[in-house]
Every structure is written in C-alpha cells, then in structure tokens.
Amino acid sequence: MFKILALIIAVFVTGVLSEVYAQQPSAQAQTLAASLDKNKYKKKEKKNISIEIYIDIKNEPAVKSPGEYSGIYETDGYRLDLQAGTDGSATGGGYETSGWDNEPKRNFTLKDARIDGALLSGTKVFDDSSSERFEAVFVNSSVLSGKNAETIESRDTSFGVGFVQTGKDWTNRVFLPVRR
C-alpha cells in the first residue's frame with residue numbers, strides 16, 4: 001500500500017514540476033521581450049509653463065499552450081493572422097509596412113513557423129517571392145504614463161506579439177495587440 005501511495009505522489013510531483021518547467025520562457029524569449037521595452041521622459045519649460053511627459057513600457061513573455069496563441073494581431077501598418085496548433089506548429093500571414101507614410105503594405109505568408117514557449121519563429125515569404133527570417137515573442141505589455149516616474153496617471157496591460165523590425169538605417173519596435 002505504501003509503495004502505491006509513493007508512486008502516486010511521485011507521478012503527481014513529476015507532473016506538477018514538468019508543468020511549472022514548461023511555463024518558463026526561454027532566454028531568447030526573455031531577451032526579445034526586453035528589447036521591446038522603452039522608457040521616455042521629456043520636460044519642456046517656457047516662461048511660466050512646464051510640460052512633463054513620462055512613458056515606461058515593459059514586456060514580459062506570456063507563456064501559454066501553443067493553440068492559445070491563435071488569433072488576429074493588428075496595429076497601424078501591421079497585421080498577423082495566426083493559426084497555432086497544439087503541437088507548436090503555426091501557419092498564417094498578414095502584412096507589414098516599414099513605418100514610412102509612402103511605403104506600401106507588403107503581404108506575407110509564414111513558412112515553417114513554430115511556437116516554442118512564448119517564441120514564434122519562421123520565415124516571412126512576401127508576394128514578390130523574397131523572404132526574411134522572422135522571430136517574435138508573445139508578451140504582456142505594460143504601459144505606465146504620466147508626468148514623471150513619481151506621478152503615474154495611467155497603467156495599461158495588454159497581450160499581443162512583439163518583434164523588432166530593422167532596415168538599412170532604422171530600427172522599429174513593433175507590438176501587435178491581439179484582436180481575436
């Protein structure tokens with residue numbers, strides 16, 4: 001009887017530990033999420049008028065079951081329609097711009113996409129047959145804003161996917177909130 005009870009406890013503990021371990025984001029996911037962080041403070045004074053603006057954006061990897069990442073992620077100039085399988089496979093597509101006003105949207109399809117923890121990786125294949133490696137992270141993004149770090153007026157947290165887009169002489173942090 002004692003051996004059966006010990007076996008049941010061992011199986012339970014192993015299951016709990018593997019579930020806890022599976023919920024930990026990879027080092028790559030943590031690094032990519034941190035690269036999306038931003039902190040900005042500006043203060044302007046003219047005569048008797050002073051204007052202060054403070055924004056602090058922090059991103060934490062959001063580890064879920066792979067199938068839970070399916071959805072539509074969208075913001076100005078960017079869209080990702082993602083279908084995620086329970087095995088970590090993913091398919092989808094969308095469009096992107098470089099962020100410049102005159103830049104046309106470029107449609108893409110995800111090829112060989114995988115979800116591992118909170119990390120989405122694959123290849124974006126564009127309509128003109130060009131392609132580029134794609135790596136993004138699913139995050140909970142928290143935005144604090146106010147006059148300064150001591151005077152926070154709003155806090156907002158949203159779930160989405162983020163990535164860093166680079167060009168010849170520019171870098172853009174992109175966060176696409178989920179629309180589902």
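Readers should treat all values here as calculations from the given coordinates under stated rules, not as data from a laboratory. Bear in mind the structure is a predicted one, so any value in this text is a computation, not a measurement. Every residue, glycine as well, gets a Cβ built from its backbone with ideal geometry; the counts of neighbours run over all protein chains shown.
Listing for the model above:
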| quantity | calculated |
| --- | --- |
| Efficiency of FRET between residue 129 and residue 28 - r from beta-carbon atoms, R0 35 angstrom, step 0.05 | 0.80 |
| Karplus (6.51, -1.76, 1.60) ³J(HN,Hα), θ = phi - 60°, over the stretch 72-86, in Hz, Gly and Pro reported as x | 10, 10, 8, 8, 4, x, 9, 8, 9, 9, 10, 10, 10, x, 5 |
| Directionally averaged projected area (convex hull, Cα atoms, the stretch 26-177), nm² | 10.9 nm² |
| Exceeding the 25 Å Cα-Cα cut-off - candidates 40/124; 40/111; 105/168; 124/168 | 40/124; 40/111 |
| Label zone at residue 64, where the point sits 7 Å out along the Cα-to-Cβ direction: the stretch 150-179 residues whose backbone N lies under 14 Å | 158-162, 176-179 |
| All lysines inside 19 Å of residue 47 as judged from Cα atoms, apart from same-chain residues fewer than 8 positions distant | 147 |
